[in-house]
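The values are calculated or read from the model by the stated rules, or taken from the named source; none is laboratory data. Being a predicted model, the structure only gives us computed values, none of them experimental. Neighbour counts are summed over all protein chains in view; Cβ atoms, including those assigned to glycine, are modelled from backbone coordinates with ideal geometry.
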Amino acid sequence: MGPAGVVLAAGRSERMGRPKALLDFRGQPFVVRILQVLEALDVKLRVVVLGSDASRIRPALAPHDCYIVERAATAGPIGSLRAALAALEPLRPTGIVVWPVDLPHVRVTTVERLLEAYRRTGAPAVVPCFAGRRGHPVIWDRTLFAELATSSAATQHGAPAVLVAHEPDVVTVGVDDPAVLDDLNTPADYERLVRDVNRDIY
């Protein structure tokens, strides 16, 4: 089995004012768009982590073959990631593609390049980089699952703390895709995305 896809969609979307997972991107909710990309790239195992808006988001997921894990939003991204790891443990994927739900506009070709780099190198982590800055989605190898699940540094500082601990072995993939840095948190961010879609930037 190859890497599994993990869509982090448990946040409360307080600044956005409505669930980001259900915002529209080219006719599809954010969360569905991400699942479709993972499906197209033959990522066979997919997990969506939901929080307090789970009852509103679940109907959009019904047509898709994915596991749904519910997690308190107060646990933050690392709590969501750990919930996904616990759900996936019996299935033993080789790694995970961790994709925050507010980045639906990351290009298919970007994720394809990350997967190719992961399969080619077997690195413990593969990270996209645009304009000298690292972004998402990040691919984590199974060898780091235990550390992600239990590290006190990750509890305090999130998954990036695990990247720092393994810096010499992390593979960074340069991409021509600003979306890897462009998490959408506010209505103004979303309005900008809509304008960019209308201009065929995404």
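Key figures
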{"read-out": "Test: residue in the range 124-135 that is in a loop (DSSP other than H, G, I, E, B), surrounded by 22 or more Cβ atoms within 10 Å (Cβ to Cβ) and within 13 Å of the chain's Cα centre (by Cα)", "value": "yes"}
{"read-out": "Answer residue from the range 136-193, given it is within 16 Å of Val111 (Cβ to Cβ), of a type in the set (A, V, I, L, M) and touching a Ser or Thr at 6+ places or on another chain (Cβ under 9 Å) and is surrounded by the fewest Cβ atoms within 10 Å (Cβ to Cβ) among those", "value": "Val171"}
{"read-out": "Search result, residues across the range 29-47 that are farther than 22 Å from Pro93 by Cα and without any contact (Cβ under 8 Å) to a residue 40 or more places away in the chain", "value": "Pro29"}
{"read-out": "Filter pass, Ala123 being touching a strand residue (DSSP E or B) at 6+ places or on another chain (Cβ under 9 Å) and either acidic (Asp, Glu) or farther than 13 Å from Val97 by Cβ (or both)", "value": "yes"}
{"read-out": "Residue selected from the range 151-188 under the condition among the acidic types (Asp, Glu) and touching a Pro at 6+ places or on another chain (Cβ under 9 Å), by the criterion nearest to Tyr118 (Cα to Cα)", "value": "Asp169"}
{"read-out": "Cross-chain or 6+ apart pairs with Cβ under 7 Å, the range 154-168 first and at positive phi, then surrounded by 14 or more Cβ atoms within 10 Å (Cβ to Cβ) and part of a helix (DSSP H, G or I)", "value": "Gly158/Pro77; Gly158/Ile78"}
{"read-out": "Residues (part of a loop (DSSP other than H, G, I, E, B), in contact (Cβ under 8 Å) with a residue 60 or more places away in the chain and of a type in the set (A, V, I, L, M, F, W, C)) located in the range 169-192", "value": "Val175, Leu184"}
{"read-out": "Single residue of the range 66-93 satisfying the filter (of a type in the set (Ser, Thr, Tyr) and surrounded by 15 or more Cβ atoms within 10 Å (Cβ to Cβ)) that is nearest to Asp183 (Cα to Cα)", "value": "Ser80"}
{"read-out": "Of all residues in the range 1-19 being among the basic types (Lys, Arg) and in contact (Cβ under 8 Å) with a residue 24 or more places away in the chain, the one that is farthest from Cys66 (Cα to Cα)", "value": "Arg15"}
{"read-out": "Filter result (in a loop (DSSP other than H, G, I, E, B) and surrounded by fewer than 16 Cβ atoms within 10 Å (Cβ to Cβ)) within the range 42-65", "value": "Asp42, Lys44, Ala62, Pro63, His64, Asp65"}
{"read-out": "Failed item, numbered, when Ala161 is tested on (1) out of contact with any His (no Cβ under 8 Å at 6 or more places or on another chain); (2) farther than 17 Å from Leu85 by Cβ", "value": "(2)"}
{"read-out": "Filter result for Arg195 (part of a helix (DSSP H, G or I) and modelled with pLDDT of 95 or more)", "value": "no"}
{"read-out": "The one condition in (1) touching a Pro at 6+ places or on another chain (Cβ under 6 Å); (2) more than 28 Å from Arg195 (Cβ to Cβ); (3) part of a strand (DSSP E or B); (4) not charged (D, E, K, R) that Leu8 fails to fulfil", "value": "(2)"}
{"read-out": "Condition check for Pro128: under 25 Å from Leu181 (Cβ atoms) and either modelled with pLDDT under 95 or of a type outside the set (A, V, I, L, M) (or both)", "value": "yes"}
{"read-out": "Residue match in the range 100-117 (condition: assigned to a helix (DSSP H, G or I), of a type in the set (Gly, Ala, Ser) and more than 19 Å from Gly11 (Cα to Cα))", "value": "yes"}
